[in-house]
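J.: Before I ask anything, here is the structure I am working with.
The values are calculated or read from the model by the stated rules, or taken from the named source; none is laboratory data. Model, not experiment: these values are computed from the prediction. Positions of Cβ are generated from backbone atoms using ideal geometry, with glycine treated the same way; all protein chains shown enter the neighbour counts.
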Amino acid sequence: MDSEVPDFMRRVTSDESSASDRAVAEEAVLALNASMMQIYERTLEKFKASIRAEVPIILALFNGQGGRMMLYRPGKEPEIAPPVPLVYQLAKSVAHSSVAIYEIVAPYLGNAYDNSLWRAPMEAYRTQHHTALAALDSLDIADDDRLIFRSILDINLAFMDQALAQGGYDYPDLEAFARSAAPWSVKAIGVASAAQVGHWMAIVEGWQRDLGDGWGQTYAASNTLYVTRQNNVLFSVLVQFMGAEAMGDRLILLETPEFETAPETMLHILGRVIADRSLGMTFFRDYFMADYEIVGDGARAAIEREMAARGREAVLPTLAPFHSNEWPWKTDPAKGTGPARLEDAAFSQSDPG
């Protein structure tokens with residue numbers, strides 16, 4: 001009875017009427033999965049500890065400095081590799097500078113002559129350009145690289161000077177600037193990529209040599225966003241030393257929601273993948289089955305039924321074996337249209353030589 005509940009308890013007491021048998025039954029069944037997830041997470045920590053004690057693990061994480069790599073030897077603290085040479089960041093910074101100008105002007109493209117909100121950020125960025133241009137000769141870089149950097153900054157300044165002098169810009173102005181900058185930006189990307197790839201090739205090669213026979217048991221994982229799946233540099237470097245047969249087996253590309261991911265998060269996901277493979281073998285007699293969404297098979301059949309009921313053909317991915325050593329991104333050159341390389345697009349109209 002309500003009179004039996006003290007006033008101070010009314011704020012924390014449910015005012016729901018008595019639960020029906022159906023509600024009680026639903027909660028009892030749903031509690032099974034809630035408990036399962038708690039049990040799973042507790043057991044996963046044990047699995048992860050066993051994996052760390054048995055096999056070497058390499059984590060290859062993206063960041064703004066060209067990536068991070070660390071080697072976890074069984075029973076030892078992680079060995080963190082030295083960073084990519086600074087020229088990577090210098091080249092990336094210059095290559096991005098033309099994009100920054102686009103970001104300044106694009107919002108006001110329709111009324112740049114009437115809306116001067118773009119002027120202040122452009123003037124500030126123009127000042128930064130002059131400072132960077134004056135500092136180029138002091139950089140410890142190759143002369144060819146310096147020429148690339150200077151060319152990009154000169155192109156940027158010419159556009160900014162023109163826009164500020166005439167009090168605005170239109171799309172043909174922006175397009176002409178972007179198309180002239182693009183080929184040089186590709187060359188700057190080449191400078192950055194050479195530094196990044198050369199560095200990580202040497203690091204992974206050294207680890208392969210140091211681990212000896214243990215290399216064949218080594219697991220590796222790299223993280224990726226949607227846009228970095230097709231040309232994932234760190235994953236591709238690891239493939240060169242682990243072999244194509246390791247892809248989808250001991251070499252795994254993990255999609256993560258942030259560009260930079262904590263090593264602990266990567267270890268957790270990798271541990272889950274490895275541990276669930278034993279579960280898949282135990283239940284379904286396939287070691288790699290749990291790499292894929294189990295519910296997906298039922299959903300696929302349901303989509304086919306639903307589309308058939310609507311008189312339409314279902315659009316679904318090709319059925320393929322659970323275990324595959326193919327690249328984890330699109331590889332069929334016969335599918336799709338347009339250029340397949342950045343150079344094909346950037347140099348289609350002009351070439352800086």
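J.: Check Ile303, Ile294, Ile252, Ile269 and return the single one that is β-branched (Val, Ile, Thr), over 20 Å from Arg68 (Cβ atoms) and at pLDDT 85 or above. Walk me through how you get there before you give the answer.
T.: Details: Ile294 fails: at pLDDT 85 or above; Ile252 fails: over 20 Å from Arg68 (Cβ atoms); Ile269 fails: over 20 Å from Arg68 (Cβ atoms).
Exactly one of Ile303, Ile294, Ile252, Ile269 is β-branched (Val, Ile, Thr), over 20 Å from Arg68 (Cβ atoms) and at pLDDT 85 or above, namely Ile303.
J.: Also, I was wondering about something else. Could you list, in sequence order, all residues of the stretch 267-285 that are of a type in the set (D, E, K, R) and either surrounded by 15 or more Cβ atoms within 10 Å (Cβ to Cβ) or in contact with a Cys (Cβ under 6 Å, 6 or more places away or on another chain) (or both)?
T.: Filtering the stretch 267-285 for residues of a type in the set (D, E, K, R) gives 272, 276-277, 285.
Listed by number, the residues that qualify are Arg272, Asp276, Arg277.
J.: Here is a follow-up. Give me the pairs, please: first residue somewhere in the stretch 131-158 and closer than 17 Å to Val191 by Cβ and basic (Lys, Arg), second residue anywhere and modelled with pLDDT of 95 or more and surrounded by 16 or more Cβ atoms within 10 Å (Cβ to Cβ), beta-carbon distance under 6 Å, and either six or more positions apart or on two chains.
T.: Between residues of the stretch 131-158 that are closer than 17 Å to Val191 by Cβ and basic (Lys, Arg) and residues that are modelled with pLDDT of 95 or more and surrounded by 16 or more Cβ atoms within 10 Å (Cβ to Cβ), the close pairs are Arg146/Leu136; Arg150/Leu136.
J.: Right, something else. Among all residue pairs at least 6 apart or on different chains, which show Cβ distances below 9 Å where the first residue, located in the stretch 43-71, is farther than 23 Å from Phe235 by Cβ and the second is exposed (fewer than 15 other Cβ atoms within 10 Å of the Cβ) and small (Gly, Ala, Ser)?
T.: From the stretch 43-71, the pairs are Phe47/Ser278; Ala53/Gly75.
J.: How many of the residues making up the stretch 211-238 are within 22 Å of Ser193 (Cβ to Cβ) and crowded, with 17+ Cβ neighbours inside 10 Å?
T.: Let us first name the residues in the stretch 211-238 that are within 22 Å of Ser193 (Cβ to Cβ), namely 220-238.
When the remaining residues are screened for being crowded, with 17+ Cβ neighbours inside 10 Å, the result is 220-224, 228, 232-235, 237-238.
Summing the residues that are within 22 Å of Ser193 (Cβ to Cβ) and crowded, with 17+ Cβ neighbours inside 10 Å in the stretch 211-238 gives 12.
J.: Output the number of the condition that Glu326 fails; it satisfies all remaining conditions of (1) part of a helix (DSSP H, G or I); (2) modelled with pLDDT under 90; (3) under 24 Å from the mean Cα position of the chain (by Cα).
T.: The number of the failed condition is (1).
J.: In addition: What are the pairs with Cβ atoms under 8 angstrom where one residue, in the stretch 186-207, is among the basic types (Lys, Arg) and the other, located anywhere, is surrounded by 21 or more Cβ atoms within 10 Å (Cβ to Cβ)? Sequence gap at least six, or different chains.
T.: Here the result reads Lys187/Ile148, each pair linking the stretch 186-207 to a residue that is surrounded by 21 or more Cβ atoms within 10 Å (Cβ to Cβ).
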